[in-house]
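Engineer: Got a structure for you, written out below as structure tokens; questions coming shortly.
All of the numbers you see were taken from the coordinates with simple rules; none came from a lab. Computed from a prediction, not measured in an experiment: that's the story for all the values here. Cβ placement follows ideal geometry from the backbone for every residue including glycine, while neighbour counts extend to all protein chains displayed.
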Amino acid sequence: MRLSRFFLPVLREDPREAEIVSHRLMLRAGMIRQETAGVFSWLPLGHRVLTKIMDIVREEQAAAGALEMLMPTIQPAELWRRSGRYDDYGKEMLRITDRRDNELLYGPTNEEMITAIIANDVQSYRDLPLNLFHIQWKFRDEIRPRFGVMRGREFLMKDGYSFDVSEEAGRAAYNRMFVAYLRTFAAMGLKAIPMRAETGPIGGNLSHEFLILADTGESAVYFDRAFLDKDAAALQVDYDDDEAVAAIVADYTAPYAATDDIHDPARFEKEVPQERRVEGRGIEVGHIFFFGDKYSKPMNCTVLGPDGREVTVQSGSYGIGVSRLAAAIIEASHDDAGIVWPQPVAPFDLGLINLRQGDAATDAACETLYEALRNAGLEVLYDDRADRAGEKFARMELIGLPWQVIVGPRGLKDGKAEVKNRASGATQEVSLNAVVARMLDACTEPPGRG
RNA sequence: CGGGGCGUAGCGCAGCCUGGCAGCGCAUCUGCUUUGGGAGCAGAGGGUCGCAGGUUCAAAUCCUGCCGCCCCGACCA
């Protein structure tokens, strides 16, 4: 993509309303614009990040056997009356009336809808297990939206739902999602720690939240340093092997980890040696629940078992805050100059900077590199604008692409370009004809090493 | 929902107290000179001063009502 043809409205100054760093950087980097309290438009750069996050979510969901579908944002109130949650949800639920005075709502989640679909169309134990997910916009009319997309009212969420004939099978489904979540966040270059969670208004009896560490996180977290040594990206898992999956879950739930609301200081001190105790802050980016029959019972979701008797389906639900992740990643990965994207979720792999737009030799070298890099399968943002060097550097650092390829007359004299790593700031002179290989190598390194 | 603050050009702000031509910086556009870390000079464009009513010869400024946004708290993925 040529910057001259891209829409990247960066801001030099901090917008006044932005308090936390991710909100500030997302506005400044031209990723989002606010429409009303807690509701945002995603501009091209931000949209590319969302897409990267969704791609990874989809890949890991598919690997774990989940099927993608798409349910609507608008739901009939009737569905929620059946589960009894229509009144429970209170003013947080955005209620809408259509022209015929039908009561509708903008969905805050989809348990009722998916359960109704399963109840309607699944009659036999032979049709189970099923695990269905979608990625869709949700709306919760928070009393006070804040922190940009971190706690907006409208948010993009992957929510998945499992349906099984027995509690044992349901727990196995829960475990598969647990492991899929470990892999998903690791694939994004994040260190996410699973923590046992209160089930809250959504209910159920088994639940974990996944938090990524960031100084600006909303929750205080207490955990065993052992988590920081685990590498979920390296997990090899056979999802068909319930016991192997359960072993991974056991491994990741054994060390102490808790958010402040359920933290037990006495247990923490007893179970974790002092030198391994870590207190920090975290941002919740995923939450999984095993419900048992909490929704399937009131929604009358049953199947006929092998013995011809009706059994109530066992269900679970599994959420990932897709739009929230975009902000959470920035909270966890930025510096004074701007965003520092982990490679897997970066809007482009690299930025190609033409330091002397209009100079025939520099333009030609950049054009050649631009084409070669793209032909190699890399996503390139080519800064072909006529701005000054300082402005180009500042802008590229602000938007945080993992690598910069810098081309100017100075280096071209020797047939070289400069390659710069955004995270470390390290630079390296590279012969023009070696740039593609160098970048290809750099951009396909596993996350965490770039 | 309680408490506080703010709405003036794309962004950041001044002007309001004490009513009298709507300003500044950055950004944008044109020209020239510059060109490896947010350039210089010269010129130009851009505003229902959040909305509605009122007071006044005259309202961004004073009064009333409303709306929106932000921050703190309770709440929450």
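Engineer: Find, among the GluC sites (Glu not before Pro) in region A:261-348, those assigned to loop by DSSP (not H, G, I, E, B) with at most 16 other beta-carbon atoms within 10 angstrom.
Structural biologist: Numbers: sites: A:Glu269, A:Glu271, A:Glu275, A:Glu279, A:Glu284, A:Glu310, A:Glu331; in loops: none.
Filter output for region A:261-348: empty list.
Engineer: Additional query: Please order A:Asp359, A:Asp164 by the number of other Cβ within 10 Å, starting at the fewest.
Structural biologist: Values: A:Asp359 15, A:Asp164 23.
With the sparsest Cβ surroundings first, the list reads A:Asp359, A:Asp164.
Engineer: Here's another thing I want to ask about it. Sort A:Arg324, A:Arg95 so that the residue with the fewest other Cβ atoms within 10 Å of its own Cβ comes first and the one with the most comes last. Mind showing how you got there, number by number?
Structural biologist: Values: A:Arg324 24, A:Arg95 14.
Exposure proxy ranking, most exposed first: A:Arg95, A:Arg324.
Engineer: Here's a follow-up. Quick check: from the Cα gyration tensor, does region A:388-450 come out rounded (a/c under 1.5), prolate or oblate? List each step's numbers first, then the result.
Structural biologist: On the way: a/c = 2.51, a/b = 1.14, b/c = 2.21.
Verdict is oblate for region A:388-450.
Engineer: Distance between Cα centroids, region A:21-98 to region A:236-259: provide it in whole Å.
Structural biologist: Rounded to whole Å, the Cα centres lie 28 Å apart.
Engineer: Also: Among the aspartates and glutamates, which have Cα under 12 Å from the Cα of A:Lys420 when same-chain residues fewer than 8 positions away are ignored?
Structural biologist: Within the straight-line limit of under 12 Å, A:Lys420 reaches these aspartates and glutamates: A:Glu397, A:Glu429.
Engineer: Given axes a ≥ b ≥ c from the Cα gyration tensor, I'd like to know whether region A:161-243 is rounded (a/c under 1.5), prolate (a/b larger than b/c) or oblate. The partial results should precede the final answer.
Structural biologist: On the way: a/c = 2.36, a/b = 1.29, b/c = 1.83.
Because a/c hits 1.5 or more and a/b fails to exceed b/c, region A:161-243 counts as oblate.
Engineer: Could you state the orientation-averaged shadow area of the convex hull built on the Cα atoms of chain A, in nm² to one decimal?
Structural biologist: Details: hull surface 98.5 nm².
Over every viewing direction, the Cα hull of chain A projects on average to 24.6 nm².
Engineer: Can you find, among A:Pro44, A:Trp341, A:Ala192, the residue sitting farthest towards the positive end of the charge dipole of chain A, where Lys and Arg contribute +1 and Asp and Glu -1 at Cβ?
Structural biologist: A:Pro44
Engineer: Using helices alone, what [θ] at 222 nm do you get for chain A, with -39,500 (n - 2.57) per DSSP H run of 4 or more residues, divided over all residues and rounded to the nearest 500?
Structural biologist: Details: 14 runs with 145 residues, N = 450.
Only helices count here, giving -9500 deg cm²/dmol.
Engineer: Among the lysines, which have Cα under 22 Å from the Cα of A:Lys138 when same-chain residues fewer than 8 positions away are ignored?
Structural biologist: Within the straight-line cut-off, A:Lys138 pairs with A:Lys52, A:Lys91, A:Lys158, A:Lys294.
Engineer: Where Lys and Arg each count +1 and Asp and Glu each count -1, what net charge lies around A:Glu78 among other residues with Cβ under 14 Å from its Cβ?
Structural biologist: Working: positive: A:Arg81, A:Arg82, A:Arg85, A:Arg95, A:Arg100; negative: A:Asp87, A:Asp98, A:Asp101, A:Glu103, A:Glu112.
Net charge around A:Glu78: 0.
Engineer: At a 10 Å Cβ-Cβ cut-off, how would you order A:His23, A:His47, A:His287, fewest neighbours first? Don't skip to the end; give the middle numbers.
Structural biologist: Details: A:His23 25, A:His47 15, A:His287 22.
Least crowded to most crowded, the residues run A:His47, A:His287, A:His23.
Engineer: What three numbers, in Å, describe the spread of the alpha carbons of region A:335-450 along their principal axes, ordered from the longest?
Structural biologist: Dimensions of region A:335-450 along the principal axes of its Cα atoms: 37, 28, 21 Å.
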